[in-house]
Number of protein chains: 2
Amino acid sequence: MTQNLDAISPDIPSDYESLKARISTLSDSMPKRLLQCARYALANPDRIALGTTAEIASAAGVQPSTLVRFAQTLGFDGFSQMQQIFQGQLVGRNSEYTERLTKIRESGTNTPGGILGNFVERSKQSLDDLLRQVDTVALERSIEALSAAENIHLLGLRRAYPVVSYLHYTLGKMGVRTNLLEYTGGILEERVQFINENDALFVATFSPYSPEVVEFASKAFGRGVSVISLTDSVLSPIARVSSTVLEVNEAEHGAFRSLSTTMCLATSIAVAVGDARKWTSLS
Amino acid sequence: MTQNLDAISPDIPSDYESLKARISTLSDSMPKRLLQCARYALANPDRIALGTTAEIASAAGVQPSTLVRFAQTLGFDGFSQMQQIFQGQLVGRNSEYTERLTKIRESGTNTPGGILGNFVERSKQSLDDLLRQVDTVALERSIEALSAAENIHLLGLRRAYPVVSYLHYTLGKMGVRTNLLEYTGGILEERVQFINENDALFVATFSPYSPEVVEFASKAFGRGVSVISLTDSVLSPIARVSSTVLEVNEAEHGAFRSLSTTMCLATSIAVAVGDARKWTSLS
DNA sequence: ATAAATTTGGAATGAATTTTCCGAATTGCT
DNA sequence: AGCAATTCGGAAAATTCATTCCAAATTTAT
């Protein structure tokens, strides 16, 4: 097998891209351990570039010899030769990046790359703002409320729906069951009655704020339910009917906003709640 | 002299900045050859990071032993220890990130604020990586395919579902109708027949890759449908059944990954496709 | 179920690399 | 200019590292 592959492609990959491509094509026919190497290499190219066989092997959970075999399977003489490709990628990266940024800036906002560059920049700014402006007290109270709740209900429509559906999934994976309130016709409001005082309602809504969501939260809040809201302004109508308000200023491009920062916050909330629940369930 | 310096500053520089600072303060009292090392090191930090003593020494016009003495003059045990600082600088290109991350770790990653700080930093890094690694050709081809498609079908389960549901919403707002394939029981596969050759299938899937999604994409691809996939590795099984592959390396916190970067890319795609469709519909 | 082929782990090998050491050369001081 | 201290070069030693090899384990084919 190996001989055949060598015969088919005797030349060695000369840059990181072709190396990735070769890994991709050969991964089908790779045995378990070599696949493990492949996965590790693609996930941690920096460590391959700088580490020794012993270090990398132990980090990847294989033998040093397997690492050498992996390199040889890809067409290299040995590990060292493959390592050079990873090193080249590491060095070229620095210069390429700035070069690429200027190129993207020049390309304006009408090319796909330009649009992406724009969003990346704004998202980074937005993430900075999040960390700077976040109300840690509100955040901690939110985590507490969600951790203490008997049941967690999630509500969000339109642009907010991906946020709550993600929370639903991630919390579920952490062993925290949640109730994702889907909007199926006009019956949403009727479900308020199934939320009781010991529960928490997590509601996400952004401008323009869906009236039905605000209305729902208002009713729940009126019933004494702990309402944690994620929104884009303290002026949001949801703020008045919430126990705790989390604010996020999302990156924009014209009229279109990303969900990048919001997702970052949502993930953090999920992990924090998962952690808190784990500790309490263990004790 | 050397003994004195050791006595004055027995601690070793722990990052590139303090290393540079020490070189600059000590360079006054350095003899010729060591100064030569200092100059070379500051001018070619990358080569110091990756080369061997023999290589570097010859490039710098000194003996390998001089290189070792140089490192020891700066307070290190030997060359290897100094090299690690240069390597660290190479990996944490914007050493800001790693620096801030360690700062965050010191303040504890178990508090909600700590978890958020962690995700914010990693997400920013992840966004940088996205811009650096994105295959602009693949991106442009994706936009073209999606713009040219008669109908756009969207598929993504579990963690990928929020991504496609967001695309569904955003593209809809831009006047691009899409068909969001929801997973309702085992009937998913039967829907392949409703996708025809002029359509495009956008499929998102992350490790562990849902077999049913891969299977679905495979069938569509087999029917000649343009399949644009968004995934987390070239080893993804979806890659083999796609016309175009977009790769995203998302930020992690332990076992949990955010969707921050993925959402940024998704938004960009939506805006780009929306733009492209607008132009063609106007002309 | 059995045999053949492939893959794997781990020790052994051999190469490469870092570090030490010491005599020679250079520099600084009187 | 002559002496002492420092610096340097280069070889030798010690260490680390990549690679090879082979027996054991696993997988595949019959």
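Within region A:81-88, does at least one residue satisfy the condition of being modelled with pLDDT of 95 or more and surrounded by fewer than 16 Cβ atoms within 10 Å (Cβ to Cβ)?
yes
Which of the residues that make up region A:97-112 are facing chain B (nearest Cβ under 9 Å) and loosely packed, with under 14 Cβ neighbours inside 10 Å?
Scanning region A:97-112 gives a single hit, A:Asn110.
Considering each residue of region B:1-47, count those that are of a type in the set (Val, Ile, Thr) and at pLDDT below 90, and give that number.
The total comes to 3.
Taking the condition in contact with an Asp or Glu (Cβ under 9 Å, 6 or more places away or on another chain), at the interface with chain A (Cβ under 9 Å from one of its Cβ atoms) and closer than 30 Å to A:Tyr40 by Cα, does B:Leu259 pass?
Working: in contact with an Asp or Glu (Cβ under 9 Å, 6 or more places away or on another chain): yes; at the interface with chain A (Cβ under 9 Å from one of its Cβ atoms): yes; closer than 30 Å to A:Tyr40 by Cα: yes.
In short, yes.
Which residue is farthest from DNA strand D (Cβ to nearest atom), if the candidates are limited to region B:11-35 and must be in a loop (DSSP other than H, G, I, E, B) and within 20 Å of B:Thr66 (Cβ to Cβ)?
Among them, the one singled out is B:Pro13.
If a residue must be within 24 Å of the chain's Cα centre (by Cα) and within 20 Å of B:Met30 (Cα to Cα), how many such residues does region B:62-92 contain?
Of the residues in that region, 0 qualify.
If you check every pair at least six apart or on different chains, which have Cβ atoms under 6 Å apart with a residue in region B:39-65 that is over 19 Å from B:Gly78 (Cβ atoms) first and a residue that is more than 10 Å from DNA strand C (Cβ to nearest atom) second?
Qualifying pairs under 6 Å: B:Asp46/A:Val91.
I need the full set of residues from region B:171-187 which are part of a helix (DSSP H, G or I) and out of contact with any helix residue (DSSP H, G or I) (no Cβ under 6 Å at 6 or more places or on another chain), in order please.
Initially, region B:171-187 is screened for residues part of a helix (DSSP H, G or I), giving B:171-173, B:185-187.
The answer is B:Gly172, B:Lys173, B:Gly185, B:Gly186, B:Ile187.
Answer yes or no: is there a residue in region A:149-170 that is more than 10 Å from every other protein chain (Cβ to nearest Cβ), open to solvent by less than 10 Å² (accessible area, probe 1.4 Å) and in a helix (DSSP H, G or I).
no
Looking at region A:63-101 only, could you name the residues that are part of a loop (DSSP other than H, G, I, E, B) and either away from DNA strand D (no atom under 12 Å from the Cβ) or within 14 Å of A:Arg22 (Cβ to Cβ) (or both)?
Residues satisfying the conditions are A:Leu74, A:Gly75, A:Phe76.
Please go through region B:243-255 and pick out each residue that is open to solvent by 50 Å² or more (accessible area, probe 1.4 Å) and not acidic (Asp, Glu).
Correct list: B:Asn249, B:Gly254, B:Ala255.
Name the single residue, out of those in region B:29-86 being within 14 Å of chain A (Cβ to nearest Cβ) and among the charged types (D, E, K, R), that is farthest from DNA strand C (Cβ to nearest atom).
This residue is B:Asp46.
Looking only at region B:121-146, which residues are over 14 Å from the mean Cα position of the chain (by Cα), facing chain A (nearest Cβ under 9 Å) and among the aliphatic types (A, V, I, L, M)?
Residues satisfying the conditions are B:Leu139, B:Ile143.
The values are calculated or read from the model by the stated rules, or taken from the named source; none is laboratory data. Quick caveat: nothing in here was measured; it's all calculated off a predicted structure. Here the Cβ is made from the backbone with ideal geometry for all residues, glycine too, and neighbour counts use every protein chain on show. Side chains included, ligands, DNA and RNA excluded: accessible areas come from the protein's heavy atoms. Shrake-Rupley method; radii C 1.70, N 1.55, O 1.52, S 1.80 Å.
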